[in-house]
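Report on the structure given below.
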Amino acid sequence: MANSFKPPGIRSLVEIDRADCKYGSRSIMIEGLVSGSSQGGWPGKASTFKVHCYSLAAWRRAGKPIVERELTILRPVPVDADGSYFRDFPAYSTQRIRILLSTDETRAIVKDVLETGITDDELQAIADKLQQPVVVWHDQFGRMALDRTLDYFNGVGRWDGVAVTVSVPAEQDSPVAQALAAAESLWASQKEWKKQIEQAIASDLVDLWNRTWRSPGEKKLSGRQFLQQISPDSVVFQRDGEFEFYYCDDDLFAGHLISVRGDLQGGLGTASLSG
């Protein structure tokens, strides 16, 4: 699947990218190091191809200095391709590709895959560095380790006596300050926020369970009984300080997580099922 693919029904490679950005008129050859971030994909124009999206942690034009800035790569693949194309370029592997590069050098579209698994000492040194563990210590959340796949630091906090995972976005191997400050504020007012979150869950989901998910003959649950069955699981913060709190459903909703979004100023949104 790593071979080149020309999508049918397009006049220019630029049509592969749905983002509003400009591209150069000529393709160039680059060598790059696949990042540790997760890879994705979506349908292409008129469903005649798929788009495989991944990123390079470092790259360079042939014979030029290395650019240690992330480059988003969009690669067209056949519409009938299965999910195996996600494994074509493993994290921290090196490759030589011909691309159409955006003018701001943040995005690229693959024209040809020239060679994978190339040997490059400089790129390998960067790969080795990126695979070293990155850990910061926080008084509230303890040892917070960087998950490069999602680019988040994960720690553990006690919420109503229960250990929950606390995830904060990363920036240059450090937690984003605004997100971390929001996490600290949420924990500082834990009693009030716990009450609000549980009220939102009970208000939005108890009736749903009683009407739709309850088995025949099973007794209805009150809001209090419902809340006694679920338990806090994790909370994920965004760069701007918004958060999403997740609760385990104790199999009330066939294993779906219960989630509630909010921010410290605007309050909470509607509770919903996730996953």
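Before moving on, here are some points about what is shown:
- Cα-based Rg / Dmax (Å) for the chain: 23.0, 73
- Entries in Lys195/Lys219; Lys6/Lys111; Lys194/Lys219; Lys6/Lys64 that, when Cα-Cα distance is taken, lie over 19 Å: Lys195/Lys219; Lys194/Lys219; Lys6/Lys64
- Long-range amide H partners of Glu171 with built H, under 5 Å: Val176
- Volume of the Cα convex hull of the range 52-159, divided per residue and given in Å³: 154
- Long-range Cα-Cα pairs in the range 177-261 (distance over 18 Å), rounded percent: 45
- Here the extension length gained between Gln199 and Ser47 equals 50.4 nm, from 0.36 nm per residue of separation less the Cα-Cα distance.
- Relative contact order (percent, whole number), the range 190-275, Cα cutoff 8 Å, 6+ residue spacing: 27
- Neighbour count of at most 14 Cβ within 10 Å plus DSSP loop: longest trypsin sites (Lys or Arg not before Pro)-free window in the chain: 70-213
- Derived scalar couplings ³J(HN,Hα) [the range 240-252; Karplus, 6.51 cos²θ - 1.76 cosθ + 1.60; whole Hz; x for Gly, Pro]: 8, x, 5, 9, 9, 9, 10, 10, 6, 8, 6, 6, 5
- 0 to 90° range, to nearest 10: angle between helix 121-130 axis and the chain longest Cα axis: 0
- If R0 equals 35 Å, the separation of the Cβ atoms of Ser189 and Arg98 corresponds to a calculated FRET efficiency of about 0.05.
- Within-13-Å neighbourhood charge of Val51 [Cβ basis; K, R +1; D, E -1]: +3
Read the figures in this text as sums done on the coordinates, not as results from a lab. Please read all numbers here as calculations on a predicted model, not as lab measurements. Don't worry about glycine lacking a Cβ; one is built from the backbone with ideal geometry, like all the others, and counts go over all protein chains shown.
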